[in-house]
Amino acid sequence: MRRSTWCCTPTPPRPTARTLRRFDFIIGSIHGQFRLDRAAQTERLVRAASNPFVTVIGHMTGRQLLRRSGYELDIERVLTACAAHGVAVEVNGLPGAR
C-alpha cells in the first residue's frame, strides 16, 4: 500500500496530480506554524480537507497528550469540511505517541 503525508503549510510544495493519483491514500497534516490564529489554522485544515487527493486529516488538533497543548481551531468547521468531502480524521490518544 502506498501512502503520502502532505504537510498543510501556508505555502506547501505542490506535487502534481499525476503523482498524487498514484497513492492509495494521502494524509494531510500540520507540522509547523502552530501559533497561527484560530481562523488561519482552521482555514489550513479546511483547505486540506477540500483537496480532492487528501483522504485523511492527521493529528487534527496538534495536541500531544502530556506534552503539548493543541493549536486554536474551529473543530466543528473542520469536521464539517471533512464530512462534506469524505475525509477521515485520525484519532490518537496514546501519550508519548509520535
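Using 0.36 nm per residue of separation minus the Cα-Cα distance, give me the extension gain between ASN51 and PHE25 in nm, one decimal.
Working: separation 26, 0.36 × 26 = 9.36 nm, distance 1.23 nm.
Gain in length upon complete extension: 8.1 nm.
Can you figure out the FRET efficiency of ALA17 with SER69, using R₀ = 35 Å and their beta-carbon distance, to the nearest 0.05?
Working: r = 36 Å, r/R0 = 1.03.
For ALA17 and SER69, the calculated efficiency is 0.45.
Restrict the search to region 50-89; then list the trypsin sites (Lys or Arg not before Pro) that DSSP places in a loop and that have at most 16 other Cβ atoms within 10 Å of their Cβ. The partial results should precede the final answer.
Values: sites: ARG63, ARG67, ARG68, ARG77; in loops: ARG63, ARG67.
Here the trypsin sites (Lys or Arg not before Pro) that fit, given the DSSP loop and packing criteria, are ARG63, ARG67.
Give me, ordered by chain and number, the residues 5 or more places off GLY28 or on other chains with an amide H under 5 Å from its own placed amide H.
TRP6, THR55, VAL56, ILE57, GLY58
Throughout, read-outs are computed from the coordinates displayed, never taken from laboratory work. All values reported here derive from a predicted model rather than from experimental measurement. When we count neighbours, we look across all protein chains shown, and the Cβ atoms used for this are built from the backbone with ideal geometry, even at glycine.
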